[in-house]
1. Using the structure shown, decide if Ala158 is touching a strand residue (DSSP E or B) at 6+ places or on another chain (Cβ under 6 Å), in a helix (DSSP H, G or I) and in contact (Cβ under 8 Å) with a residue 24 or more places away in the chain.
2. Among what's in the stretch 798-851 and is more than 30 Å from Trp772 (Cα to Cα) and basic (Lys, Arg), pick the residue that is modelled with the lowest pLDDT.
3. Can you tell me how many residues in the stretch 400-416 are at pLDDT 90 or above and part of a loop (DSSP other than H, G, I, E, B)?
4. Let me confirm something: among Ile134, Ile151, which residue is farther than 15 Å from Tyr69 by Cβ, in contact with a strand residue (DSSP E or B) (Cβ under 7 Å, 6 or more places away or on another chain) and buried (at least 18 other Cβ atoms within 10 Å of the Cβ)?
5. Under 6 Å between Cβ atoms, at least 6 apart or on separate chains: pull out the pairs that start in the stretch 302-323 with a residue that is assigned to a strand (DSSP E or B) and end on any residue that is open to solvent by 20 Å² or more (accessible area, probe 1.4 Å).
6. With the condition kept exactly as written, say whether any residue in the stretch 418-437 is part of a strand (DSSP E or B), touching a residue at least 60 places away in the same chain (Cβ under 8 Å) and under 22 Å from Leu247 (Cα atoms).
7. Provide a single number: the residues in the stretch 437-480 that are open to solvent by 10 Å² or more (accessible area, probe 1.4 Å), touching a His at 6+ places or on another chain (Cβ under 8 Å) and within 21 Å of Val498 (Cβ to Cβ).
8. Kindly list the number of the only condition in (1) in contact with a helix residue (DSSP H, G or I) (Cβ under 7 Å, 6 or more places away or on another chain); (2) under 23 Å from Arg10 (Cα atoms); (3) open to solvent by 10 Å² or more (accessible area, probe 1.4 Å); (4) not hydrophobic (A, V, I, L, M, F, W, C) that fails for Asp162.
Amino acid sequence: MSGVSTSAARVIVDGKFFRLGGQKFYAKGLTYGPFAPNEQKEMLPSREQTARDLLQIRELGVNLLRVYYVPPRWFLDLAAEHDLKVMVDVPWLKHLCFLESETTKASVRAALRQAVEACQGHPAVFAYSVVNEIPAEIVRWSGVHAVTDFIEELVDLAKAVDPDCLCTFSSYPPTEFLHPQNIDFVCFNVYLHQRKSFENYLGRLQTLAGAKPLVLGEFGIDSFREGEASKCEILGWQIEAAFRAGLAGTVLFSYTDDWYKGERQIEDWGFGLTGRDRKPKESYWAVQKMFRAAPYFPLTRYPRASIVVASFNGARTLKTCFESLVRQNYPDYEVILVDDGSTDSTPEIARQFPGVRCLRQDNHGLSVARNTGIAAATGEIVAFTDSDCRADEDWLYYLVGELLSGEFGGVGGHNFLPPDDSFVAAAVMVSPGGPAHVMLTDREAEHVPGCNMAFYKWALEEIGGFDPVFRKAGDDVDVCWRLQERGAKIGFTPAGFVWHYRRSTVRTYLRQQAGYGEAEALLMRKHPEYFNFFGGGAWRGRIYTASKFGVILQRPIIYHGLFGSGFFQMLYTPEPAFLLMFCTSLEYHVLVTLPLLVLSASIYLLLPVALTSLSISLGVCTAAAAQAELPKKKKRGWSRPLVALLFLLQPIVRGWARYNWRLTVRSEPPVFKRPIAPEQLDELESSGQVVYWSTSSEDRYWFLNRILSKLEAEGWQHKTDTGWNDHDVEVYGSRWSRLRLTTVTEELGQRKRIFRCRLKATWSLPARIAFWSACGAELLVIGFLSASYPWLWMLLLSMSIVGWWFDQEKRKILLWISALLDEVAASLKLARLQRKADPSGPTAAGTPLSD
């Protein structure tokens, strides 16, 4: 055995990658054997030949061997002497229906136990693969859940024998639906020779792997069938594509053409990098070149990057954040701290890092702080993270690499719970409302969280940076949506991740959710097309987060192919039961549970109904907590009850903050005394239109841009069309009114045209809620007390007065915006037309009121 024998020399998992002795360990692997049995009946060459093989393998640039048998101790010692790690595939009869017999299952457990005991504690052991490529038809026969449970049982058994070991199981495309939860990393065998298909499938595998490292467990090319020249080319781009995609390692099949399987020597294939005589092929040198370059293949260029950290009282984790940022593996970057009026020790911590530029300002909120960072940035690319994050040292390399692909204007990545975060933080991570990325495809995102995102500076400047209205949150969502409205795409790189410290107390978590609720109200006003009536987001993509957005009621569906013969057997995960989650919402409590509880005080028959309603809410929260995937090492007896409590409180706190902002924050419209002629007023109220005559060559979009500039200059809150609406702009008046403006052009020839503007004023959401809530309350009072107090029916008259008052608010915004349009038209020398009284007249007819 080698001199190094402690478990400290073994590889550990660190986010999407591995570490060995504090340094990143990228697996550059090769399969070795099995071979015809030697004199000791071991599936290996002689010890002398093995030593020569390992020396040649080490010269190849390999640091990992994958073996398909239980290696003897001397082999592990020899591997350690050559600085090689060994991934042990434990052989057993997986091609049989192994779950049909208790005897067979017992023999599998015994085989695994013996294998792990034989290698227990050896520093050369990289990981155990408890099974390799279970046939898809066996899984289909035995049942996905039963097979998954058995794999997890084997992993637990291996860790019980060797607690410090890493465990996985080796899957392949026909069984990609198998997702055991307790494996340490995801291992897939993939043989695809078309570059685009290969790269796309790696992207899919990264999505399936989620927060775990992904290792390409087998890939290779047959020299006999493909030719050595083609083999060199394909292996070259496969290795590069794998590491550029952020894989934690690759294992090439195989070292030599000398291969023994099924008690016979295989003669009709040539996957090896060497012949049976160990003579290197051309592919040996091609792979050596790529392995020496891996994992950091050069980018096409290295544009200067600026990392912006906006912080307000973030001293608790700021030092950890800076320590990670100043050691990025990227040649040209700067770190900018924008201290947004912190009152803690943030300035003192910043002075400990001379390489960090510190900009201090009064507290103006998150968006203004980030805009300050953008203005100060000297980089072509501006990356953002938060003071409560710790970035992986290759974070910037992967973000920039994805941007340089040419497809994206922005990019983001994962944010993981740090291993040293608290048990409460782990519960918060799996509770609703955490930062999440929303994916349209395996590589394109609809949204990336602000704690991990980067953009070309020109893209941010083109949209005017972050909107200052977002002081606490929502700025990242707004930026992503505005970029996509302009045709830009947002990319996603699984390898560019940060560790994100979560809220460590219930109080701070709920305070964060209240801030998110206010941000949702702001986003809904600015991007109403992305929200439903109650303010819930309507994402086009799929949300990926450790927390569940709803209780899963349906079982996943697997496409097995005809008679279970599909090569890519995909798992289709059902959407959470969002309708059921409505029972935990503030709206449900206010509209259903609370009225039932109040009425049950007088009508006792309603008490069981009220208690049932409350029980449904509590039951949904309990079910959601039961389905939460808590980290095993961060789980305590109180963890799931805490998650259930957070599922109950979070929608109430966030919903209250959202409605509180929408109902109480008044949008004060700019009021100017603009005279309006009586005939114009009559026309406007009867038709809802204003019409202008133009002899200019400018089109409707020119007219609309002038209107928007006027609204902006006067401070009107408004939302322009993003392509999903049947109106051009929505203008917000007082708290009780809003107006939608739609324009159209009538072309009359010879540069003559008419611009029609339809103005549709309506009550705002707070006005509707106030009116109908008051109506409902009055009807309840009348229904219960009218027999004793008949005069209560007179209360309905008050609602007519309230409705009239809301209509007056609606009339005000109609007149204000009409007058604003007249001012814009006058500045452009457009003449307002008066509609003819005769409705049978030409649609384009009109009489100019002014020249």
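The values are calculated or read from the model by the stated rules, or taken from the named source; none is laboratory data. If you're wondering where the values come from, they're calculated on a predicted model, not measured in any experiment. Positions of Cβ are backbone-derived with ideal geometry, glycine not excepted, and every protein chain shown enters the neighbour counts. Only protein heavy atoms, including side chains, enter the accessible area calculation; ligands, DNA and RNA are left aside. Shrake-Rupley method; radii C 1.70, N 1.55, O 1.52, S 1.80 Å.
1. For Ala158, the condition - touching a strand residue (DSSP E or B) at 6+ places or on another chain (Cβ under 6 Å), in a helix (DSSP H, G or I) and in contact (Cβ under 8 Å) with a residue 24 or more places away in the chain - is met.
2. Checked the stretch 798-851; the qualifying residue modelled with the lowest pLDDT is Lys836.
3. Matching residues across the stretch 400-416 total 5.
4. Ile151
5. Cβ pairs passing all conditions: Ala305/Tyr333; Ala310/Leu366.
6. Yes.
7. Of the residues in the stretch 437-480, 4 are open to solvent by 10 Å² or more (accessible area, probe 1.4 Å), touching a His at 6+ places or on another chain (Cβ under 8 Å) and within 21 Å of Val498 (Cβ to Cβ).
8. (3)
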